[in-house]
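The values are calculated or read from the model by the stated rules, or taken from the named source; none is laboratory data. Model, not experiment: these values are computed from the prediction. No Cβ is skipped: glycine too gets one built from the backbone with ideal geometry, and neighbour counts run over all protein chains shown. The area values use the complete protein model at the heavy-atom level, side chains included, leaving out ligands, DNA and RNA. Shrake-Rupley method; radii C 1.70, N 1.55, O 1.52, S 1.80 Å.
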Amino acid sequence: MNDQKNIPQLWEMTYKDIDKDIRLSVYADTLAYDCENGRRHLIAVRFGGYPEQVRTMADVIYGGGEVCLDCDGARLYFQGSPKRYRRLFTNDGLYMEATMVLENDLQQVDESKQESAAEKAPLWRTVYLYCEKDSAERLFEQLDAAVSVPLIPAFRDYVIAEMERQNFLAKLEVVSSRAQFDVWKLLLSKGERNIIEIVEHGLKTGQIAILGECTEADAFADVTSVSAYLNRFGKSIAGKIQGQFTPLFDPSKESVSQEILAVNAYIREQAGYGLYDAQLAVSEAIKRSLRKNKTALCIAECGTVICAALL
């Protein structure tokens, strides 16, 4: 059966425990699941109904129970993953809606790769990516955010294709009467070595490169690792990134405002030291963002001291 054909508006989802004479019934409109070893494992689900039924069904799935979905005349069974879901409940009078999303793995051992009982296999993690339907660009953005390996847009097609070929990236099944999105399962080995090896292989073989940077055939002859790649092309990457984003404040072209300088003077008077030039520049950018958007977000290294004034 093709689970994505002839989808009704809602599907009745039930749980039965004959021994304890328990029967729960709710109605789902969105599911994402992974098929493994002939079983469907729930990755995400949204369902609604009477509050007591919804909360109990959420507890069943959270506890790893199996639920049944009546879909287009067929009964489909889905297995929950014990204690691994984020749960969100919303109320509208006597109607309650629950959204459950599987948490990403911390670390797990792939027993199939163990060489002996005494030797532990490499550690693997599973990460679930949610993105716009049929969009390689959005998938690559989510992939880039999920890993620490440096990736640039020019790598997109090669990295996605190679990760799918090696079964490190797989598209999961999604059925929904309202939302249109894709869910992908990403497997990461310890230290993200599987991703690093894909990037290093692409650089070494010339399958990926910085467009317009090198024309000679042996440009990557000495590039055999990510570190070597960054040493060779780091400035070019930085230049391309800088060209894609317009800074709120460019200290090489503008001066810090009197408001920030006054705050810096107060800090120096009270603490005995002032802000560094980089901190002054970030403070100026935050001040401009607050004035324009009423909000500001700063992502920086641990220990960064930021001071911003909105006058």
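Descriptive notes on the structure:
- Members of the range 13-30 that are more than 17 Å from Phe89 (Cβ to Cβ), under 36 Å from the mean Cα position of the chain (by Cα) and open to solvent by 100 Å² or more (accessible area, probe 1.4 Å): Lys16, Arg23
- Qualifying residue in the range 295-310 (condition: at pLDDT 85 or above, out of contact with any Cys (no Cβ under 7 Å at 6 or more places or on another chain) and open to solvent by less than 60 Å² (accessible area, probe 1.4 Å)): no
- Cross-chain or 6+ apart pairs with Cβ under 7 Å, the range 228-242 first and of a type outside the set (Phe, Trp, Tyr), then open to solvent by 30 Å² or more (accessible area, probe 1.4 Å) and modelled with pLDDT under 75: Ala228/Asp222; Ser236/Glu213
- Residue within the range 105-122 that is over 17 Å from Glu36 (Cβ atoms) and at pLDDT 85 or above present: no
- Counting only strands (runs of 3 or more DSSP E) that sit completely within the range 152-212, those holding 3 or more residues that are under 30 Å from Phe47 (Cβ atoms) and modelled with pLDDT of 90 or more correspond to 169-171, 181-189.
- The conditions of being at pLDDT below 90 and part of a loop (DSSP other than H, G, I, E, B) are met by Phe249.
- Taken over the range 72-94, the criterion of being within 18 Å of Gly38 (Cα to Cα) and either out of contact with any Cys (no Cβ under 6 Å at 6 or more places or on another chain) or open to solvent by less than 30 Å² (accessible area, probe 1.4 Å) (or both) is satisfied by Ala74, Leu76, Phe78, Gln79, Gly80, Ser81.
- All conditions but one from (1) in a helix (DSSP H, G or I); (2) open to solvent by 30 Å² or more (accessible area, probe 1.4 Å); (3) of a type in the set (Val, Ile, Thr); (4) modelled with pLDDT under 90 apply to Ile267; the one that does not is (4).
- Pair list, Cβ < 7 Å and 6+ apart or interchain, from the range 270-292 residues that are more than 12 Å from Pro251 (Cα to Cα) and open to solvent by 30 Å² or more (accessible area, probe 1.4 Å) to residues that are at pLDDT below 85 and assigned to a loop (DSSP other than H, G, I, E, B): Leu290/Ala296; Leu290/Ala308; Leu290/Leu310; Arg291/Leu310
- Close contacts from the range 64-91, counting a first residue that is more than 15 Å from Asp29 (Cα to Cα) and assigned to a strand (DSSP E or B) and a second that is modelled with pLDDT under 90 and of a type in the set (Gly, Ala, Ser), with Cβ to Cβ under 8 Å and a gap of 6+ residues or different chains, come to none at all.
- Subset of the range 172-191 (residues that are of a type outside the set (S, T, N, Q), touching a Lys or Arg at 6+ places or on another chain (Cβ under 8 Å) and either surrounded by fewer than 13 Cβ atoms within 10 Å (Cβ to Cβ) or without any contact (Cβ under 8 Å) to a residue 60 or more places away in the chain (or both)): Phe181, Asp182, Trp184
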